[in-house]
Amino acid sequence: MPSPSAGWPWVPVSSLPGFAGKQWIGDAAADRRTKVIIRAFGVRDLALGAGTLQALDTGQPARPWVVMGAVSDVVDLAATAFAIRALGARRALPVMLVAAGAAVGGLLASEHVD
């Protein structure tokens, strides 16, 4: 999942967990129990993005929000990398590229906030 600076396009993850999850983990995303976890990831990104925007809007420190978004992207990258055999490269690699790009972008952005 992308960092707060890039997370808003992923808003559908919280509202369409079956579709978004299928892109990441395949048919297992259709299971109602799996949708709970996928939805939680979407809400996590929404919370990080909302916290970042509120901090920027109110003049509060935004760096911790941006860094935590980047950390969550690194966790998504690592979790996907560990599961690459089960997911298949066709599903895992695009997610890993997005997560890596978002993590790097978030870390670079964290140097320019506050």
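What follows draws every value from the coordinates through simple rules; no lab data is involved. The structure displayed is predicted, hence computed values, not measured ones. In this analysis, Cβ positions are derived from the backbone assuming ideal geometry, glycine residues included, and neighbour counts consider all displayed protein chains.
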(request) Taking the chain as the reference, fit the longest principal axis to its C-alpha atoms, fit the long axis of helix 63-82 to the helix C-alpha atoms, and give the angle between the two in degrees, 0 to 90, nearest 10. (result) 20 degrees
(message) If N is the number of residues in the chain, what value comes out of its Cα radius of gyration divided by 2.2 N^0.38 Å?
(response) 1.07
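When the helices in the chain are scored as -39500 (n - 2.57) per DSSP H run of 4 or longer and the sum is shared across all residues, what 222 nm value do you end up with, to the nearest 500 deg cm²/dmol? Let's see the in-between values first.
Values: 7 runs with 90 residues, N = 114.
Rounded to the nearest 500, the figure is -25000 deg cm²/dmol.
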(message) Using a 10 Å cut-off around each Cβ, can you sort 57, 31 from fewest to most neighbouring Cβ atoms?
(response) 57, 31
(request) Enter the angle in degrees (range 0 to 90, nearest 10) between the Cα long axis of helix 32-58 and the first principal axis of the Cα atoms of the chain, meaning the one along which they spread out most. (result) 10 degrees
